[in-house]
Amino acid sequence: MHTVQKSGQAVVGKLRTEQLPEFADAHTHLDLLKDDVLLKESISRGVGTIITCGVDYQTSIKAMALSDYSVIFPEVGLDPENALLSGNDIDAVCELARKNSARIVGIGEIGLDFKKAVSEEDREKQREAFKSMIELGRELDKPLTVHSRNSMKEVLRILESSGAKRVQLHYFEGDKDDARTAAELGYYISVPPLESGRRAAAIKDFPLGLLMAETDTPVVGKAPYYVEVSVQMVANVKGIDYYKAAEVLTANTKRFFRIHAGGMASSESNIRV
Ligand SMILES: [Zn+2]
């Protein structure tokens, strides 16, 4: 009886692994999870790649500390909300990224958030931080994870005029025209697990090869496995099979962040602060 049960479980286990697509979550803040229960559940559900971001100096250090370089990979960045807070030094974040360049997969998150910027002075502060982070990406040859809120057109203008090439427009807020501009520039769009008719229309004709799936955990999705919802939405909009969508979006994410089989050889040395 005991043996039968065991072999039955083994078969189920085998089928599960063979049938589960491999997912990649292209944008999270794992430092905001209170424990690793949801993270473990996500990995058991097939999430094999997770990008976790910093939003300032301290959270960038946390992102690196949380990374295992086989499933979880970190980015360092100063986001527009934190760019407004005194005590957040652009140079310190740049220096942190330079010192740890071999262990980070990108600069993020960065961008403009005009909902948070209440004055022209605020907007100027955000632009200064954003441009410095773009320059840092160029210097270190890293891709950029870009946030925009009420600022899509300007974000695209600044990225284009800065000559940024490897760009992830995370939680894409643009319309069809913005998506067309992004496609012309070769920028990627990552899709959150949140239903939006506007976003669906925007990505309808956007190249599948430039799409990624994200959760923005725990801000939008509760855990990286919510990426299943993002993948399903892309599959629906594009009229393709769910498994095919998972396969393509995962491959896109790994290509974008240059994550190769075997991960990164950087977890050996200590984080340099
Ligand atoms: Zn985010």
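Its relative contact order, with pairs defined as Cα atoms under 8 Å and 6+ residues apart, puts the range 131-214 at 27 percent. In this label model, ILE240 and SER86 are separated by 5.1 nm, measuring between points 7 Å along each Cα→Cβ vector.
The label-point distance for ASN150 and SER196, in a model that sets each label 7 Å from Cα toward Cβ, rounds to 1.5 nm.
Work out which helices of the chain, taken as complete DSSP H runs, extend at least 15 Å along their axis over the Cα atoms and score a mean Kyte-Doolittle of -0.5 or more, then list them. Both cut-offs are met by 227-238, 242-256.
Volume per residue for the range 167-273 equals 129 cubic angstrom (convex hull of Cα atoms).
I need the peptides 81-90, 183-192, 45-54 ranked by packing, meaning the mean over residues of other C-beta atoms within 10 angstrom, with the highest value on top.
Listed from highest to lowest mean packing, they are 45-54, 183-192, 81-90.
Normalised by the number of residues in the chain, the average gap of Cα pairs under 8 Å and 6 or more apart makes the relative contact order 21 percent. Only helices enter this figure: runs of n ≥ 4 DSSP H residues, each worth -39500 (n - 2.57), summed and divided by the residues of the chain, yield -14000 deg cm²/dmol at 222 nm to the nearest 500. Summing Cβ point charges (Lys, Arg +1; Asp, Glu -1) relative to the Cα centre of the chain gives a dipole of roughly 760 debye.
Here the range 124-148 is scanned for amide nitrogen atoms under 20 Å from the site 7 Å beyond the Cα of LYS115 along Cα-to-Cβ, giving 124-127, 130, 145-148. Pop the C-beta distance of ARG138 and GLN19 into the FRET formula with R0 = 41 Å and round what comes out to the nearest 0.05. The formula returns an efficiency of 0.45 here.
For the pair LEU185 and ARG157, the difference between a 0.36 nm per residue extended length and the Cα-Cα distance amounts to 9.0 nm. Mean sequence separation of contacting Cα pairs (under 8 Å, at least six apart), scaled by the length of the range 144-273, corresponds to a relative contact order of 19 percent.
A short reminder: the numbers here are calculations on the coordinates, not readings from a lab. Model, not experiment: these values are computed from the prediction. We place every Cβ from the backbone using ideal geometry, glycine too, and count neighbours over all the protein chains shown.
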